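Below you'll find the structure I mean.
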Amino acid sequence: MSALESVLAAMIRTATPLLLAGLGELVTERAGVINIGLEGAVICGALAATVAAPPLGVAGGYLSALVAGAAVGVLMATFVVVLRADQIISGTAVALLGLGLTGALYHDIYGAGGVALTVPTSRSFDIPVLSGVPVLGPALFQQPLMSYMAFLLAPALAWFLYRTHAGLSLRAVGEAPHAARAAGVAVDRFRVGAIIFGSALGGAAGGVLVLAQSGTFAEGMSAGRGFIAIAIVALGRWTPTGVLVASLVFGFATAMQYVVQALGWPLRYELVLTLPYVLTLVALVLAPRGAAPAYLARTD
Amino acid sequence: MMSALYALWAGSFGSWYAFTSGTLVRAVPLMLTGLGVAVAFRAGVFNIGAEGQLLAGAVAATAVGLHGSGMLGPATLPVALVAGALAGAAWAGIAAVLRVRFGVLEVISTLMLNFVAADLVSYLVRGPLQEPLHIYPQSSSIPAIARLPQFGPATRLHWGIVIAVVLVFVVAWELAHTAAGFRVRAVGANPSAAWATGRVPVSRVTTRAFLFSGLLAGLAGAIEVTGVTYALYENLSPGYGFTAIAVAILAGLQPLGVLPSALVFAGLESGATAMQRDAGVPAAWASVVEAGLILAVVGVIALRARARSAAANGGPP
């Protein structure tokens, strides 16, 4: 593989889980809920995939990851929607709970040392013809199936949000819940659904980390990806296309660190890693007011 | 089970050494960051960036400790502490400006700034602040003159605890008895009502509360470097800035409540380390208990608020 090929491949690899979690968070935030607990969903998805994949195979692993993420979403929704508790505090607690619980359970299931655990991983799925294209082919079209699905999910969500009645209602819930309620939209039901959907995708992102990348579990392996998803949604200005581009930006910055190291550029890769966050802050400053859902993070 | 609980107790409150060198040493940064988060939340500022602000303070204190002692002599320590506090305030200031001038949600911006701060520390300990041999990703140790004195040879407890406890009492008094404290409470309780009185400069109060919480977190970082680690390295903080949120919530956002609340969490984390070592029970259970505590408090607050609004709406005419 040439340097360019490996950068592209690394970019797609890092972008995939971020894109899944980011699209999930996008749907949640469009309903007016900021889900800091997403980090908990990612790590729970990772552990569920690790436990389920050996007996059930890769597909079973992904399914368990989705279910585990959704379960975290149910907890978050109970506090935020049913109890009307503060979103930020509840989310912080849910993230902490997910990180703690998975760490503890992993210890209890696999022993203190965490045996050299390997999980079946998904093979790459080569798209005929396209994967033969020089440079681009191996990087873009020899990916695990889940990567393609993540990238196809973005246009699907765009269609849902902007072309369906339910999508319109969901956006109304995030922009003006009182008006939506008056118009007959079941606001709470949309919020609960959006939180559970977003968290399930967060769980799937955790599944990707295990089943398509590392092949094993480590305590805290979500490494802040649930939080990065929140950045990605902001950088992508709360649109599916934006989230897609933003996750590639984050993927690119991560991939650049290998280039910087490999080519021996006089630039510390730690500084490269800060770029997407700085870019996100700049994007937030430049974003027109109204880019974020008006009721984001508010309890009505 | 019993042996795990015994180890938890022994490692936190069970002996004078564990209590002073484990629990109290951990409680110092939790008191300061928890106090900062409590003040910010009371003013309606959701600063979840205490972790980044703490790191900014640690960097500034390390830089002063390493490079300033020749010139500053015995003034090195106070200058390092002040520099750390100011760096924390400056780091929070970025998010404060973004919120007040550009309407950027501080939840998102402070979260971003946590990542940036962590990456910058990684860079500094491999670059400008790395120890001269360039082997380990950490700074050199700061000289003795820049260190906070300890309470004796038999304990790791240092004078930072005095600074933290005094600040808790000062802030508690300020918030309850001064005009500035009243304005903070007014803005947090109802910003539009505070604005409508024409006597409360809402955005200035918000900004100040934000900067002040950053100041406390920065000071926590500076005290951690000058009192405990004596050097800068990655993972210097085991998530103090996040536990701070739990500390503030369990304290009911009351400054004085931060003292017992910080002790509970410090004891829990300190004891959990011992529990893992001596009884083989994973320390991560401590995080589960912490999260459970926050959710319980948040749930009770939410249920009470619900009962109150039900009483207000559906009570007898």
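The values are calculated or read from the model by the stated rules, or taken from the named source; none is laboratory data. For clarity, every value in this text was computed on a predicted model and none was experimentally measured. Note: ideal-geometry Cβ built from the backbone for every residue, glycine included; neighbour counts use all protein chains shown.
Of everything in the stretch A:45-56, what is touching a residue at least 12 places away in the same chain (Cβ under 8 Å) and either surrounded by fewer than 24 Cβ atoms within 10 Å (Cβ to Cβ) or aliphatic (A, V, I, L, M) (or both)? Give them in sequence order.
Result: A:Ala46, A:Leu47, A:Ala48, A:Ala49, A:Val51, A:Ala52, A:Ala53, A:Pro54.
I'm checking my understanding of the structure. Among residues of the stretch A:278-292 that are buried (at least 17 other Cβ atoms within 10 Å of the Cβ) and either part of a loop (DSSP other than H, G, I, E, B) or at the interface with chain B (Cβ under 8 Å from one of its Cβ atoms) (or both), which one is farthest from the chain's Cα centre (by Cα)?
Once the filter is applied, the top-ranked residue is A:Ala287.
Hey, could you check the stretch B:93-115 for residues that are buried (at least 20 other Cβ atoms within 10 Å of the Cβ) and of a type in the set (Gly, Ala, Ser) and say which is farthest from A:Gly224 (Cα to Cα)?
B:Ala96
Same structure, new question: Does A:Gly57 satisfy being assigned to a loop (DSSP other than H, G, I, E, B) and either charged (D, E, K, R) or more than 16 Å from the chain's Cα centre (by Cα) (or both)?
no
Hey, can you tell me all the residues within the stretch A:230-251 that are among the polar types (S, T, N, Q) and part of a helix (DSSP H, G or I)?
Answer for the stretch A:230-251, where residues must be among the polar types (S, T, N, Q) and part of a helix (DSSP H, G or I): A:Thr241, A:Ser247.
In contact with a helix residue (DSSP H, G or I) (Cβ under 6 Å, 6 or more places away or on another chain), within 30 Å of B:Ser309 (Cα to Cα) and hydroxyl-bearing (Ser, Thr, Tyr): does that describe A:Ser90? Break it down stepwise before answering.
On the way: in contact with a helix residue (DSSP H, G or I) (Cβ under 6 Å, 6 or more places away or on another chain): yes; within 30 Å of B:Ser309 (Cα to Cα): yes; hydroxyl-bearing (Ser, Thr, Tyr): yes.
In short, yes.
Return yes or no: is B:Arg308 in a helix (DSSP H, G or I), over 23 Å from B:Gln53 (Cβ atoms), more than 10 Å from chain A (Cβ to nearest Cβ) and in contact (Cβ under 8 Å) with a residue 12 or more places away in the chain?
When the stated conditions are applied, B:Arg308 does not pass them.
Given the conditions (1) buried (at least 19 other Cβ atoms within 10 Å of the Cβ); (2) within 13 Å of chain B (Cβ to nearest Cβ); (3) of a type outside the set (Phe, Trp, Tyr), and given that A:Leu267 satisfies all but one, which numbered condition is not satisfied?
Among (1) buried (at least 19 other Cβ atoms within 10 Å of the Cβ); (2) within 13 Å of chain B (Cβ to nearest Cβ); (3) of a type outside the set (Phe, Trp, Tyr), A:Leu267 violates only (1).
Could you pull out the residue among A:Gly215, A:Gly226, A:Gly236, A:Gly220 that is farther than 23 Å from A:Phe160 by Cβ and within 14 Å of chain B (Cβ to nearest Cβ)?
Exactly one of A:Gly215, A:Gly226, A:Gly236, A:Gly220 is farther than 23 Å from A:Phe160 by Cβ and within 14 Å of chain B (Cβ to nearest Cβ), namely A:Gly220.
Something else: Mind checking which helices (runs of 4 or more DSSP H) fall wholly inside the stretch B:165-255 and carry at least 2 residues that are without any contact (Cβ under 8 Å) to a residue 24 or more places away in the chain and over 30 Å from B:Ser140 (Cβ atoms)?
Result: B:179-189, B:191-196, B:202-224.
Does the stretch A:57-73 contain at least one residue that is out of contact with any Phe, Trp or Tyr (no Cβ under 6 Å at 6 or more places or on another chain), within 14 Å of chain B (Cβ to nearest Cβ) and touching a residue at least 40 places away in the same chain (Cβ under 8 Å)?
Within the stretch A:57-73 (the criterion being out of contact with any Phe, Trp or Tyr (no Cβ under 6 Å at 6 or more places or on another chain), within 14 Å of chain B (Cβ to nearest Cβ) and touching a residue at least 40 places away in the same chain (Cβ under 8 Å)), the answer is yes, since at least one residue qualifies.
Every residue in the stretch A:212-252 that is surrounded by 20 or more Cβ atoms within 10 Å (Cβ to Cβ) and of a type in the set (Gly, Ala, Ser), please.
A:Ala212, A:Ser222, A:Gly226, A:Ala229, A:Ala231, A:Ala234, A:Gly236, A:Gly242, A:Ala246, A:Ser247, A:Gly251
Yes or no, residue by residue, for (1) more than 14 Å from chain A (Cβ to nearest Cβ); (2) surrounded by 24 or more Cβ atoms within 10 Å (Cβ to Cβ):
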position: B:Val200; (1), (2): yes, no
position: B:Arg204; (1), (2): yes, no
position: B:Phe210; (1), (2): yes, yes
position: B:Leu216; (1), (2): yes, yes
position: B:Gly221; (1), (2): yes, yes
position: B:Ala231; (1), (2): yes, no
position: B:Gly241; (1), (2): no, yes
position: B:Ile249; (1), (2): no, yes
position: B:Pro255; (1), (2): yes, yes
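Only one of B:Ala312, B:Ala307 is surrounded by fewer than 14 Cβ atoms within 10 Å (Cβ to Cβ) and more than 13 Å from A:Arg84 (Cα to Cα). Can you tell me which? Before the answer, list the steps.
On the way: B:Ala307 fails: more than 13 Å from A:Arg84 (Cα to Cα).
Among B:Ala312, B:Ala307, only B:Ala312 is surrounded by fewer than 14 Cβ atoms within 10 Å (Cβ to Cβ) and more than 13 Å from A:Arg84 (Cα to Cα).
In this structure, does A:Gly202 turn out to be touching a residue at least 24 places away in the same chain (Cβ under 8 Å) and over 10 Å from the mean Cα position of the chain (by Cα)?
So A:Gly202 fails the test.
Within the stretch B:88-106, identify whether any single residue is within 14 Å of B:Ala60 (Cα to Cα), more than 12 Å from every other protein chain (Cβ to nearest Cβ), among the hydrophobic types (A, V, I, L, M, F, W, C) and out of contact with any Gly (no Cβ under 7 Å at 6 or more places or on another chain), and answer yes or no.
Looking through the stretch B:88-106, at least one residue is within 14 Å of B:Ala60 (Cα to Cα), more than 12 Å from every other protein chain (Cβ to nearest Cβ), among the hydrophobic types (A, V, I, L, M, F, W, C) and out of contact with any Gly (no Cβ under 7 Å at 6 or more places or on another chain).
Sticking with this structure for a sec: Looking only at the stretch A:1-44, count how many residues are among the hydroxyl-bearing types (Ser, Thr, Tyr) and surrounded by 23 or more Cβ atoms within 10 Å (Cβ to Cβ).
Filtering the stretch A:1-44 for residues among the hydroxyl-bearing types (Ser, Thr, Tyr) gives A:2, A:6, A:14, A:16, A:28.
From the residues that got through so far, the ones that are surrounded by 23 or more Cβ atoms within 10 Å (Cβ to Cβ) too are A:16, A:28.
Here the count works out to 2.
Something else about it: Out of the residues in the stretch B:261-302 that are farther than 27 Å from B:Tyr17 by Cα and modelled with pLDDT under 90, which is surrounded by the fewest Cβ atoms within 10 Å (Cβ to Cβ)?
Top of the filtered list is B:Ile301.
For residues in the stretch A:122-159 being aromatic (Phe, Trp, Tyr) and in contact with a helix residue (DSSP H, G or I) (Cβ under 6 Å, 6 or more places away or on another chain), which is nearest to A:Leu63 (Cα to Cα)?
Filtering the stretch A:122-159 down to residues aromatic (Phe, Trp, Tyr) leaves A:125, A:141, A:148, A:151, A:159.
With the extra rule that they be in contact with a helix residue (DSSP H, G or I) (Cβ under 6 Å, 6 or more places away or on another chain), the set shrinks to A:125, A:141.
Numbers: A:Phe125: 19, A:Phe141: 24 Å.
Residue satisfying both the conditions and the ranking: A:Phe125.
To keep it simple, each residue is scored yes or no on (1) within 12 Å of chain A (Cβ to nearest Cβ); (2) modelled with pLDDT under 90.
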position: B:Ala118; (1), (2): yes, no
position: B:His134; (1), (2): no, yes
position: B:Ala146; (1), (2): no, no
position: B:His158; (1), (2): no, no
position: B:Ile163; (1), (2): no, no
position: B:Leu167; (1), (2): no, no
position: B:Glu174; (1), (2): no, no
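Taking the conditions exactly as written (within 14 Å of chain B (Cβ to nearest Cβ), hydroxyl-bearing (Ser, Thr, Tyr) and either at positive phi or part of a helix (DSSP H, G or I) (or both)), does A:Thr254 satisfy them or not?
yes
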